[in-house]
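S.K.: Sharing a structure here in structure tokens format.
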Amino acid sequence: MGQKTIGLFTLITLVIGNMLGAGVFTTSGFALGDLGSPTYVMLAWFLGGIVALCGALSYGALARLMPESGGEYFFLSRAVHPLAGFIAGWISLWAGFTAAIAFAAITFEAYLLPQSLSDALPHNTLATAAIALAALAHGLRVRSGAVFQNVAVALKLALISGFILFALWSTGDGEWAGVQAWARSEAPPLSVPAFATALMWISFSYSGFNASVYVASEVADARRVVPKAMLYGTGATTVVYLLLNAIFVFAPAPQEIAQQEDVAALAAQALAGETLATVMRGIIAIALLTSISAMIMVGPRVYAQMAADGLMPAALNFRGTVPAAAIGMQSLLAVAVVWMTDLRELLSYLGFTLGLCTAATVACLFVVVRKGDKGEAQLPGYPWAPLVYIACTLVFAALAATINPWEMLAALLTVASALLVYWLFGKRHQRIRPAPDTADQADQSPLAAAGSHSGPVPCIRMGDVSACMVNGVFGDPLLKLQLLHQRRNLLFDLGDPGRISARAAHQVTDLFLTHTHADHIGGFLWFLRTRIGVTAPCRIVGPPGIARQIAGLVDGILWDRVEDRAPRFEVREWRGDQLHLFRVVAGEGAAIETGQEAITDGVVWRESAFLVRATELDHGTPVLAYAFEPRARLNVCADRLQALGLATGPWLQELKREYLAGNHQFPVTLPDGRQMTVEQLQQSILLESPGQKLVYATDFADTAANRERLVALAKGAHSFFCEATFTLQHADQAQRTRHLTTRACAEIASEAGVQHLLPFHFSRRYVRDVGTVYRELAALYPATVMPRRIPDRGQPD
């Protein structure tokens with residue numbers, strides 16, 4: 001899932017393909033039968049479009065703030081509570097995709113195989129075949145599914161456009177029977193509950209407006225591209241809906257289409273006889289096939305995200321670039337529903353259930369904005385668009401429930417079943433799931449707390465960088481640096497990786513190893529698995545011999561089925577005054593040397609936003625200590641921002657990200673809609689100051705040479721992650737095993753003048769007395785970052 005293979009065009013076709021499906025070709029017949037007037041039907045479609053555009057703006061705002069795959073499940077679980085997310089994911093499983101796919105497949109068969117030919121094949125055969133075809137297309141790989149989707153949607157739009165143009169051209173003959181009947185009759189009194197029910201049905205036709213958020217993690221620059229795709233796709237589909245439904249309700253006589261499910265074919269027949277009706281059935285069949293395809297593409301991504309979070313079986317997660325098992329499960333469930341229900345029942349249930357789910361998701365936007373202290377101006381339509389969407393959806397649902405209480409009961413039963421499953425599976429999940437990925441919550445504390453086996457978890461925030469020892473002071477060393485504006489992670493050492501989420505693993509671009517003792521590289525096989533399907537190579541920097549060792553670990557795996565998805569690594573091996581460069585590709589055997597670079601001032605990696613230095617220490621084996629040095633720290637001048645009349649918001653993060661990446665001519669969209677280049681904005685509102693250095697050092701003897709080298713590396717550092725393995729009482733053990741005492745750690749920090757000392761790699765003999773270690777360190781160096789709570793002696797943390 002690490003590849004960014006989906007672009008704006010595919011996202012727009014995904015939205016259109018998801019929206020332009022079964023609902024538009026069936027709903028107006030039922031709505032006309034209940035409302036009695038084409039005017040009311042067209043009004044309902046117009047209002048439905050306005051509400052959908054408000055929904056697209058609202059989901060676009062969520063995508064700007066939380067650009068990850070998973071849709072309603074991801075937004076609600078992260079913004080509200082995992083239970084809320086699970087309910088949304090459960091509704092997505094049954095109503096959002098399973099029932100919706102079944103609805104489209106049944107309608108596909110109804111149009112492709114009209115009543116006169118219904119005996120030619122067993123009932124539901126074509127519906128099942130359509131689901132199977134889409135599942136095969138998307139179960140192979142992302143690119144084949146995207147090509148299938150793009151071609152099918154393009155063909156669908158071309159054919160529908162041709163039909164619309166022909167229908168509009170035919171109005172010149174004045175032969176639309178529906179227009180004549182409408183002109184001769186008066187509209188009956190409007191039934192508000194019936195109108196609300198029609199709007200609920202129509203809301204299902206518009207429900208695919210949010211399709212692009214389900215694949216956001218597979219989109220480059222998702223914060224900008226995903227909202228655009230939703231707005232463009234929803235706007236285009238709304239126009240098509242209004243034109244199509246004007247033809248459907250005005251071309252044939254009202255009595256011919258009232259309460260009929262194949263209203264589009266009947267309208268075509270009224271315009272030009274059976275020939276056009278047959279052509280229209282083919283067009284609609286293609287349209288429905290793309291709708292089935294779009295839902296089978298996006299739905300399983302939700303279940304994969306839930307599986308990654310441990311709330312569904314792990315088998316449903318991504319395997320390579322596609323969640324094949326989730327696609328198979330989704331398809332089988334949809335086929336089962338095809339054989340168990342009918343159209344009208346599905347339509348009412350879908351409109352009611354999905355409306356409530358999307359309303360709850362849009363409501364969580366207010367929670368995200370409040371928690372994140374985001375300004376309003378940078379979110380187009382906020383707060384009116386979400387307020388309109390929520391209010392309209394809830395009013396429509398309440399009125400529709402007075403006419404169709406059984407559908408409301410079915411929706412409530414869906415929610416109740418989600419609560420039951422979460423209670424049964426979620427409790428089990430909580431017992432076996434590892435502690436949370438505290439690096440993602442580093443800004444909540446200077447020092448977080450974890451379970452009894454890991455002890456306190458040192459975390460610190462330095463501007464745009466979050467750093468966390470995810471395994472705590474007693475666990476295997478693994479420091480995660482999260483570059484917040486780049487959605488990118490760097491790892492220093494790779495001990496037990498159990499607390500790194502799948503999402504965080506997919507964002508790792510660089511791995512800096514101090515040495516290859518088991519507790520520092522034991523998680524490499526896990527990391528190797530996360531690299532399958534990622535085309536960009538991961539950089540690895542390490543001490544002498546690291547290329548041979550990495551190649552040996554990779555070569556120990558059988559790679560007979562990965563093809564072009566094999567993990568790739570660029571290894572930079574430290575050899576004193578030079579870096580030897582190697583390429584390691586799974587399945588190719590030994591590491592291949594590709595060149596050498598001279599090491600200047602200890603720099604082992606350099607890019608526009610930061611550099612990493614190293615120095616060699618002695619632990620009985622060569623060990624590297626590292627310094628992460630951002631090139632600059634960017635601050636926004638509040639006075640200049642206010643003078644320009646600009647509000648804060650995510651656009652400032654985009655500005656910083658592009659500036660640090662060197663894209664100085666990149667156009668940034670301001671809250672008022674204007675665009676300015678990064679260079680113009682930098683000169684106006686950004687203040688650049690030296691970056692805050694972070695140093696990571698572990699596993700080295702307390703010798704004069706080691707102290708001198710490490711002090712030079714750590715001089716003036718903001719954050720110093722340093723081992724403090726033994727207390728003063730066990731100094732002899734520290735000397736024998738070539739580790740540091742609390743005193744040695746504090747003296748190095750003091751001589752280097754670091755601002756924050758974050759000790760780790762404590763001996764496990766202090767698990768029940770971790771306070772002793774911290775109290776010694778604090779007495780020796782007051783700038784030691786202390787836990788929020790130090791347990792009493794004899795009690796595990």
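Read-outs: derived from the displayed coordinates by stated rules, not from any lab. Computed from a predicted model, the values in this text were never measured in an experiment. Because the Cβ atoms are built from the backbone with ideal geometry, glycine has one as well, and the counts that use them run over all protein chains shown.
S.K.: Is the shape of segment 725-794 best called rounded, prolate or oblate, per the rule: a/c under 1.5 gives rounded, else a/b larger than b/c gives prolate, else oblate, with a ≥ b ≥ c the square roots of the Cα gyration tensor eigenvalues?
M.R.: oblate
S.K.: A further question on this structure: Stretched out fully, how many nm does the piece from Gln259 to Glu607 gain, at 0.36 nm a residue minus the Cα gap?
M.R.: 118.8 nm
S.K.: Applying a 10 Å radius around every beta-carbon, put 668-681, 284-297 in order of their mean neighbour count, most first.
M.R.: 284-297, 668-681
S.K.: Please compute the contact order of segment 633-689 in relative form: average sequence separation of alpha-carbon pairs under 8 Å and at least six residues apart, divided by the residue count, as a percent.
M.R.: About 47 percent, as a whole number.
S.K.: Between Thr648 and Thr669, take the C-beta separation as r, use R0 = 22 Å, and let me know the FRET efficiency to the nearest 0.05.
M.R.: 0.95
S.K.: For Cα pairs less than 8 Å apart in space and 6+ apart in sequence, what is the mean separation divided by the residue count of segment 630-774, i.e. the relative contact order in percent?
M.R.: It comes to 21 percent, rounded to a whole number.
S.K.: Which far-off residues, 5 or more places away or on another chain, put their amide H under 5 Å from the one on Val457, with H placed in the peptide plane?
M.R.: Placed amide hydrogens put Ala448, Ala449, Ala450 under 5 Å from Val457.
S.K.: Amide H neighbours of Ala609 under 5 Å, at least 5 residues apart or on other chains, H built in the peptide plane: list them.
M.R.: Excluding prolines and chain starts, which carry no amide H, there are no hits.
S.K.: Another question, then. When ranked by the protection proxy of mean other Cβ atoms within 10 Å per residue, highest first, what sequence do the peptides 242-254, 199-211, 496-508 form?
M.R.: Output ranking for 242-254, 199-211, 496-508: 199-211, 242-254, 496-508.
S.K.: Go ahead and run the numbers for FRET between Arg765 and Trp384, Cβ-Cβ distance against an R0 of 56 Å, rounding to 0.05.
M.R.: Step by step, r from the Cβ atoms, then E = 0.40.
S.K.: Return the whole-Å distance between the Cα centroid of segment 10-30 and the Cα centroid of segment 560-626.
M.R.: Between the Cα centres of segment 10-30 and segment 560-626 lies a distance of 51 Å.
S.K.: Please list, in order along segment 544-554, the HN-Hα scalar couplings obtained from phi with the Karplus expression 6.51 cos²θ - 1.76 cosθ + 1.60 (θ = phi - 60°), rounded to whole Hz, x for Gly and Pro.
M.R.: x, x, 5, 5, 5, 5, 5, 4, x, 5, 5
S.K.: So what J values fall out for segment 700-707 if you push phi through Karplus, 6.51 cos²θ - 1.76 cosθ + 1.60 with θ = phi - 60°, rounded to Hz, Gly and Pro as x?
M.R.: Once θ is set to phi - 60°, the couplings for segment 700-707 become 8, 7, 7, 10, 4, 5, 5, 4 Hz.
S.K.: Compute the Kirkwood hydrodynamic radius of segment 600-681, taking the inverse of the mean of 1/r over all pairs of distinct Cα atoms, and give it in Å to one decimal.
M.R.: Taking the inverse mean of 1/r over all distinct Cα pairs, segment 600-681 comes out at 15.3 Å.
S.K.: Taking only the Cα atoms of segment 633-689, how large is their convex hull per residue, in Å³?
M.R.: Convex hull volume per residue, Cα atoms: 68 Å³.
S.K.: Rg(Cα) of segment 510-659 divided by 2.2 N^0.38 Å?
M.R.: That ratio works out to 1.32.
S.K.: Just add up the charged neighbours of Ile540: K/R +1, D/E -1, any other residue whose Cβ is under 13 Å from the Cβ of Ile540.
M.R.: Once all neighbours under 13 Å are counted, the net charge is +2.
S.K.: A follow-up question, please. Label Arg775 and Arg370 with points 7 Å out from Cα along Cα→Cβ: what is the distance between them in nm?
M.R.: 4.2
S.K.: Could you give each residue of segment 668-673 its phi-based ³J(HN,Hα) in whole Hz, using Karplus coefficients 6.51, -1.76, 1.60 with θ = phi - 60°, and x for Gly or Pro?
M.R.: Result, ordered by residue: 9, 7, 7, x, 8, x Hz.
S.K.: Which residues does the label zone of Glu751 cover in segment 664-705, counting backbone N under 13 Å from a point 7 Å along Cα→Cβ?
M.R.: Residues passing the 13 Å test: 701-705.
S.K.: Calculate the FRET efficiency for Thr703 and Asp221 from the Cβ-Cβ distance with a Förster distance of 60 Å, rounded to the nearest 0.05.
M.R.: So, using R0 = 60 Å, E works out to roughly 0.80.
S.K.: Mind ranking 640-649, 742-751 by how tightly packed they are, going by the mean number of other C-beta atoms within 10 angstrom, highest first?
M.R.: Top to bottom by mean Cβ count within 10 Å: 742-751, 640-649.
S.K.: Name the residues whose placed amide hydrogens come within less than 5 Å of the amide hydrogen of Phe512, ignoring near sequence neighbours (fewer than 5 apart) on the same chain.
M.R.: For Phe512, whose amide H was placed from the backbone, the distant partners under 5 Å are Leu491, Phe492, Asp493, Val541.
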